[in-house]
Ligand code: NAP
């Protein structure tokens, strides 16, 4: 049985970082240093690890990351004040509030405080609205990463392709579906109320899995020769497992992203590209 080719997120992320480095160098000639404030709450361990990963990738490129950690009991107003400080700071061109926020916080109110021009993770309603209108300014980094993977030449044209997105969250499923629609794919979104999901998933020449259940996508749900993007990052028994049953699906798909080493590294790289874009637009 043939094996799917791996869509190597680490290699793609490296290429994006090289592009970012060149753009940072050109900004430095204009005395602009790209700087991003990341607001997160204590106790958000995945959020802290992600922020540290971003900072680690950013440093060699000359992008500055300013992590602003608030106490776990911080109120909506406390977070709004932290965001407002970053909005007012002329040395900071980019802001990301780590999501998901704890249930006691008003995520919409906090997102509204981000200046849309600094909103590199596409959380502000203005940027969400542009995406719905088929235009893009800043979009959620994970969704941008999925599109970066799908724009690799070996994937083939998105125009006219049948795409199925599993999951409809504001940070992954919905923006991916909208971006695929803007790229002229024909898109179906599945969620927890979808009837007959395996048969619908099997229609996808492109299948994006973002449900948050380990190995949810089995070989029976995959069209032979499909491109499968596994967004899932489920921490099981000390290691990360995707939403796709990788080994079984590798025997059916043509292209498949690994976990780890697929969407994750590309997400970090495209976020840094958005930080540089914000810095370029800031002058
Ligand atoms: P989420 O907010 O929990 O959303 C999950 C989506 O999956 C929801 O739309 C839900 O449907 C749907 N779903 C859940 N169970 C289902 C089922 N049995 N059948 C069909 N649909 C089902 O999760 P998320 O934030 O989108 O994240 C999804 C996955 O991606 C997680 O594993 C997360 O860790 C990972 N992730 C990775 C990155 C990265 O950079 N690699 C970034 C963000 C997230 P309903 O809407 O009906 O509830």
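Can you pull out every residue in the stretch 61-84 that is under 28 Å from residue 28 (Cβ atoms) and either free of Cβ contacts under 8 Å to residues at least 24 places away in the same chain or assigned to a loop (DSSP other than H, G, I, E, B) (or both)?
62, 63
Residue 259 versus (1) in contact with a strand residue (DSSP E or B) (Cβ under 8 Å, 6 or more places away or on another chain); (2) under 30 Å from residue 22 (Cα atoms); (3) assigned to a loop (DSSP other than H, G, I, E, B); (4) touching a residue at least 40 places away in the same chain (Cβ under 8 Å): which is the lone unmet condition?
Residue 259 satisfies every listed condition except (4).
Yes or no: residue 279 under 16 Å from the mean Cα position of the chain (by Cα), assigned to a helix (DSSP H, G or I) and either at positive phi or surrounded by 22 or more Cβ atoms within 10 Å (Cβ to Cβ) (or both)?
Details: under 16 Å from the mean Cα position of the chain (by Cα): no; assigned to a helix (DSSP H, G or I): yes; either at positive phi or surrounded by 22 or more Cβ atoms within 10 Å (Cβ to Cβ) (or both): yes.
So residue 279 does not fit the description; no.
So in the stretch 177-193, with the set limited to residues that are touching a helix residue (DSSP H, G or I) at 6+ places or on another chain (Cβ under 7 Å) and either outside the structural domain of residue 148 (by TED's automatic domain parsing) or more than 20 Å from residue 248 (Cβ to Cβ) (or both), which one is surrounded by the fewest Cβ atoms within 10 Å (Cβ to Cβ)? Working first, answer last.
Taking the stretch 177-193 first, the residues touching a helix residue (DSSP H, G or I) at 6+ places or on another chain (Cβ under 7 Å) are 178-179, 187-190.
With the extra rule that they be either outside the structural domain of residue 148 (by TED's automatic domain parsing) or more than 20 Å from residue 248 (Cβ to Cβ) (or both), the set shrinks to 178-179, 187-189.
Details: 178: 22, 179: 23, 187: 21, 188: 15, 189: 20.
Per the criteria, the residue is 188.
Select, from 239, 213, 193, the only residue that is more than 19 Å from residue 139 (Cβ to Cβ) and modelled with pLDDT under 95.
On the way: 213 fails: modelled with pLDDT under 95; 193 fails: modelled with pLDDT under 95.
Answer to the selection: 239.
(1) in contact with a helix residue (DSSP H, G or I) (Cβ under 8 Å, 6 or more places away or on another chain); (2) free of Cβ contacts under 8 Å to residues at least 24 places away in the same chain; (3) surrounded by fewer than 17 Cβ atoms within 10 Å (Cβ to Cβ): which one isn't true of residue 133, the others all being true?
(1)
Return the residues of the stretch 210-248 that are crowded, with 17+ Cβ neighbours inside 10 Å, part of a loop (DSSP other than H, G, I, E, B) and more than 10 Å from the ligand (Cβ to nearest atom); say none if nothing qualifies. Working first, answer last.
Of the residues in the stretch 210-248, the ones crowded, with 17+ Cβ neighbours inside 10 Å are 210-211, 214-217, 221-223, 226-233, 241-246.
Adding the requirement that they be part of a loop (DSSP other than H, G, I, E, B) leaves 210-211, 214-216, 222-223, 226, 231-233, 242-243, 245.
Passing the criteria: 215, 222, 223, 226, 245.
Could you identify the single residue in 89, 121 that is in contact with a strand residue (DSSP E or B) (Cβ under 8 Å, 6 or more places away or on another chain) and not assigned by TED's automatic domain parsing to the domain that holds residue 45? Before you say what the answer is, go through the steps one by one.
Values: 89 fails: not assigned by TED's automatic domain parsing to the domain that holds residue 45.
The conditions single out 121.
What about residue 204, is it outside any helix (DSSP H, G or I), within 22 Å of residue 4 (Cα to Cα) and more than 11 Å from the ligand (Cβ to nearest atom)? Walk me through it before giving the result.
Values: outside any helix (DSSP H, G or I): yes; within 22 Å of residue 4 (Cα to Cα): yes; more than 11 Å from the ligand (Cβ to nearest atom): yes.
Yes.
Name every residue in the stretch 161-176 that is within 28 Å of residue 98 (Cα to Cα) and either near the ligand (Cβ under 8 Å from one of its atoms) or surrounded by fewer than 22 Cβ atoms within 10 Å (Cβ to Cβ) (or both), in order of residue number.
First, the residues of the stretch 161-176 that are within 28 Å of residue 98 (Cα to Cα): 164-176.
Residues satisfying the conditions are 166, 167, 168, 169, 170, 171, 172, 173, 174.
Residues that are outside any loop (DSSP other than H, G, I, E, B), farther than 25 Å from residue 264 by Cβ and either at pLDDT 95 or above or touching a strand residue (DSSP E or B) at 6+ places or on another chain (Cβ under 9 Å) (or both): does the stretch 155-165 have at least one? Before you say what the answer is, go through the steps one by one.
Our first condition is that a residue be outside any loop (DSSP other than H, G, I, E, B); within the stretch 155-165, this holds for 155, 162-165.
When the remaining residues are screened for being farther than 25 Å from residue 264 by Cβ, the result is 162.
Cutting the leftovers down to either at pLDDT 95 or above or touching a strand residue (DSSP E or B) at 6+ places or on another chain (Cβ under 9 Å) (or both) gives us 162.
Within the stretch 155-165 (the criterion being outside any loop (DSSP other than H, G, I, E, B), farther than 25 Å from residue 264 by Cβ and either at pLDDT 95 or above or touching a strand residue (DSSP E or B) at 6+ places or on another chain (Cβ under 9 Å) (or both)), the answer is yes, since at least one residue qualifies.
Look at the stretch 1-43 and say how many of its residues are out of contact with any helix residue (DSSP H, G or I) (no Cβ under 9 Å at 6 or more places or on another chain) and closer than 30 Å to residue 107 by Cβ.
Going through the stretch 1-43 one residue at a time, the tally reaches 1.
In the stretch 102-150, what count of residues is obtained for those that are within 12 Å of the ligand (Cβ to nearest atom) and in a loop (DSSP other than H, G, I, E, B)?
Residues in the stretch 102-150 being within 12 Å of the ligand (Cβ to nearest atom) and in a loop (DSSP other than H, G, I, E, B): 2 in total.
The values are calculated or read from the model by the stated rules, or taken from the named source; none is laboratory data. Because the structure is predicted, anything quoted here is derived from the model rather than measured. No Cβ is skipped: glycine too gets one built from the backbone with ideal geometry, and neighbour counts run over all protein chains shown.
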